[in-house]
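K.L.:
Before we start, here is the structure in question, set down as structure tokens.
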Amino acid sequence: MGFYNPSIVRIPLDTFTYTSQSDTVKGPELIRSSKWNRGAQKEIFTTCLDENCRTLYDAFRSGAAKSNGGMCLGWRNTHLLPFQWLTYEEVLLRAQNFGSGLISMGLKPSVHTMVGIYSRNCPEWVICEQGLFTYNMVSIPLYDSLGSEARAFVITECDMRVVVLYDEESAKNLLDSNPPSCLKVVITIKDIRPRLVEEADAKGIKVLRLTEVEKFGAQNRVPDVPPEPSDTATICFARLAAFGDTTSNRPKGVMLSHENIMAATCASILQLGEYAPGKSDILFSFLPLAHTLEKCCELALLISGGAIGFYSGDLKTIKQDMRALKPTILPAVPRFINRIYDKVVKKANKTAITRHVFNIALGFKTDEMYKGIVRKDSFWDKLVFWSVRQKLGGRIRLVIVGSAPLGGNVLTFMRAALGCLIVEGYGQTECVAPCTLTAPGDPQPDQVGPPLGCNNIKLVDVVDMEYFAAHNQGEICVRGANVFQGYYRDPERTNLVLDEAGWLHTGDIGEWLPSGTLKLIDRKKQIFKVAQGEYVAPDKLQLVYSKSYYISQVFVHGDSLRSCVVGIIVPHILHVQEWAGRRKIPNDSFTALCNNREVKSLIMKEIQDLGAEYKLKHYEQVKDVYLHPNLFSLENGLLSSTGVLMRTKLVKYFKPQVEDMCSRLHNV
């Protein structure tokens, strides 16, 4: 499992065929299993790479031994400074000191002891989390988009006495949200002003610097209390409102064990094979560590003894950070990849000549890719695609894309332009992150690969949507070593997604392709994920916007290939006509009114004001609308007999308008 990066890579087609990438388990349920783990047919799932390395505690120490004194965590305080590095030994020592400091402060080494981490990606995040694992405590990621009420709920629910904060901003956010009485100590990574320290003290919260806790731990060292594989490692909370539950602010907490996280990561490493992370690799970290995709990718580096470099904290200077770091591995989301693609295509289309040369180069590289050749030293690489690689530091050999599907044309272009392996995965927090992963070198886009060796997958009939497993379509269900332990203190909601046989019902609709790979085609629940990876519940937004005096009906739409949300709105005919009359706008034709710019401005202001009033997140807010003059009805097939919007039919009916809005927003 080393670093394998010759100038030309030929995928070993003699040992693996892309036309048959998963096995069918015998039985009536049409279960599919991994070809990388034959034991999965008998539900002997991948849980580790080494029997002596089965927890996140073990994984870090295994990586430290492989690194042989190598660099572990790198950072720079601004994009103008060079990267500084901590070795594995230094990180391990600081983690032990931090954990000992917490124990000496009165916390118990137990899975019932939960500590919050509210910070951007930085070395201290890893140090603190490893310190918790050293004493079998549980890390609870906290983050801005969770919201103040949900954050306070999580702290209370977990009886959290200690939270680690990054800086003044995170400290202010926490203190402004009326922290629960159980919270006694906040530990800051950066210095904060005395005024905030006094404010915290007035609320009964002691403020300590992380370095103070480490120093105290070094003076009062406590023997390690290593976790067991079945012990909970982390609980990832998400707002239920993001999942369409508008009746409750109670977040759902996904409990993940050490074995869950190790299983997903190790199965991914096995499937990557010779392209898996090695001790010569450097990963660039900018995706939030609160999300399991980034957590799995970084764990894969730490297991192998590789290094992780963190961005300087400003998303606008990521390009400068990558040029300075020169990473070899990049976890990314579609929104980031799409931005690179858009800039390159825009530049290529400046003249007819550059567009012609660009298309020739892309065609040549794509043809090579379908022959199993992935490289970056051809004539066209040097002439056309060199600048694309330099945007990412020039040394990228592996890109892992997740969170939302990436458009097929974009994926093919990036594979050709970067001349490196790009794999795409699918999963949920409830199965750690990945349950499928595209096979190394498979050039086919618009699919998310076969099952990983840590789990099996089956499709279940969704009769009311006319998806049937017998036709290779249905709700995606996952069973295996990566499936979560349940929702924290919420057995009722756990039972809604985990059936008696242990199958996780994802709510996503998939289709098995002839190649044995999975394609995402729909969503069972009224929810969609936008390109940046955030979930949007259209029913919730429709309910908010329908409160407008000037709106009669509203249909909100978005998808995982785009970052924007748009709406189809039927204005209230009488109220809009009255408004137009007061402004001397001709209102003989309601169709003409719907095409009037002033009317559209009125409706846009209405939805913006309602969005602010109901505290919609920026990614939830509708960015553009099309005003339709006719009501959705049973007669035109856009409304059911019970008054429910026929979402699938609405998407088809208004496809031209949706495409036009998204195209205009994309070009803004």
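The values are calculated or read from the model by the stated rules, or taken from the named source; none is laboratory data. Owing to the predicted nature of the structure, the values given are computational and were not obtained by experimental measurement. Methodologically, a virtual Cβ is constructed for each residue, glycine included, from the backbone with ideal geometry; neighbour enumeration extends over all protein chains shown.
K.L.:
Enumerate the pairs (first residue in segment 271-283 and polar (S, T, N, Q); second residue anywhere and surrounded by fewer than 20 Cβ atoms within 10 Å (Cβ to Cβ)) with beta-carbon separation below 8 Å, excluding pairs fewer than 6 apart on the same chain, so at least 6 apart or on different chains.
P.N.:
SER280/GLY2; SER280/PHE3
Here's the yes/no breakdown for (1) within 25 Å of ALA307 (Cα to Cα); (2) in contact (Cβ under 8 Å) with a residue 40 or more places away in the chain; (3) within 21 Å of the chain's Cα centre (by Cα):
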| residue | (1), (2), (3) |
| --- | --- |
| VAL91 | yes, no, no |
| GLY99 | yes, yes, no |
| LEU107 | no, yes, no |
| GLY147 | no, yes, yes |
| CYS158 | no, yes, no |
| LEU165 | yes, yes, no |
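K.L.:
How many residues does segment 46-91 hold that are outside any strand (DSSP E or B), charged (D, E, K, R) and under 27 Å from CYS431 (Cα atoms)?
P.N.:
The qualifying residues number 4.
K.L.:
Does any residue of segment 344-362 turn out to be touching a Gly at 6+ places or on another chain (Cβ under 9 Å), buried (at least 17 other Cβ atoms within 10 Å of the Cβ) and modelled with pLDDT under 95?
P.N.:
No, segment 344-362 contains no residue that is touching a Gly at 6+ places or on another chain (Cβ under 9 Å), buried (at least 17 other Cβ atoms within 10 Å of the Cβ) and modelled with pLDDT under 95.
K.L.:
Would segment 460-482 turn up any residue that is in contact (Cβ under 8 Å) with a residue 60 or more places away in the chain, of a type in the set (D, E, K, R) and surrounded by fewer than 16 Cβ atoms within 10 Å (Cβ to Cβ)?
P.N.:
Looking for residues that are in contact (Cβ under 8 Å) with a residue 60 or more places away in the chain, of a type in the set (D, E, K, R) and surrounded by fewer than 16 Cβ atoms within 10 Å (Cβ to Cβ), one finds none in segment 460-482, hence no.
K.L.:
Which number in (1) crowded, with 24+ Cβ neighbours inside 10 Å; (2) more than 20 Å from the chain's Cα centre (by Cα); (3) closer than 27 Å to SER148 by Cβ marks the one condition that ALA307 misses?
P.N.:
(3)
K.L.:
Can you name every residue in segment 310-343 that is of a type in the set (D, E, K, R) and crowded, with 19+ Cβ neighbours inside 10 Å?
P.N.:
Within segment 310-343, ASP321 is the sole residue that qualifies.
K.L.:
A further question follows. Among the residues of segment 293-340, what is the count of those that are free of Cβ contacts under 8 Å to residues at least 24 places away in the same chain and either in contact with a Pro (Cβ under 9 Å, 6 or more places away or on another chain) or in a loop (DSSP other than H, G, I, E, B) (or both)?
P.N.:
Residues that pass the stated criteria total 0.
K.L.:
Quick one: count up the residues across segment 382-410 that are within 19 Å of ALA361 (Cβ to Cβ) and either touching a residue at least 60 places away in the same chain (Cβ under 8 Å) or in a loop (DSSP other than H, G, I, E, B) (or both).
P.N.:
Within segment 382-410, residues that are within 19 Å of ALA361 (Cβ to Cβ) and either touching a residue at least 60 places away in the same chain (Cβ under 8 Å) or in a loop (DSSP other than H, G, I, E, B) (or both) number 6.
K.L.:
Now a separate question. For residues in segment 149-166 being β-branched (Val, Ile, Thr) and either over 9 Å from PRO180 (Cα atoms) or at pLDDT below 90 (or both), which is surrounded by the most Cβ atoms within 10 Å (Cβ to Cβ)?
P.N.:
Step by step, filter segment 149-166, then rank; the result is VAL164.
K.L.:
I'm checking my understanding of the structure. Among residues of segment 44-79 that are in contact (Cβ under 8 Å) with a residue 12 or more places away in the chain, among the aliphatic types (A, V, I, L, M) and more than 15 Å from ILE269 (Cβ to Cβ), which one is surrounded by the fewest Cβ atoms within 10 Å (Cβ to Cβ)?
P.N.:
Across segment 44-79, the extreme among qualifying residues is ALA65.
K.L.:
Spot the failing condition for LEU541; the list is (1) more than 19 Å from the chain's Cα centre (by Cα); (2) in a loop (DSSP other than H, G, I, E, B); (3) among the aliphatic types (A, V, I, L, M), and only one is missed.
P.N.:
Result: LEU541 fails condition (2) only.
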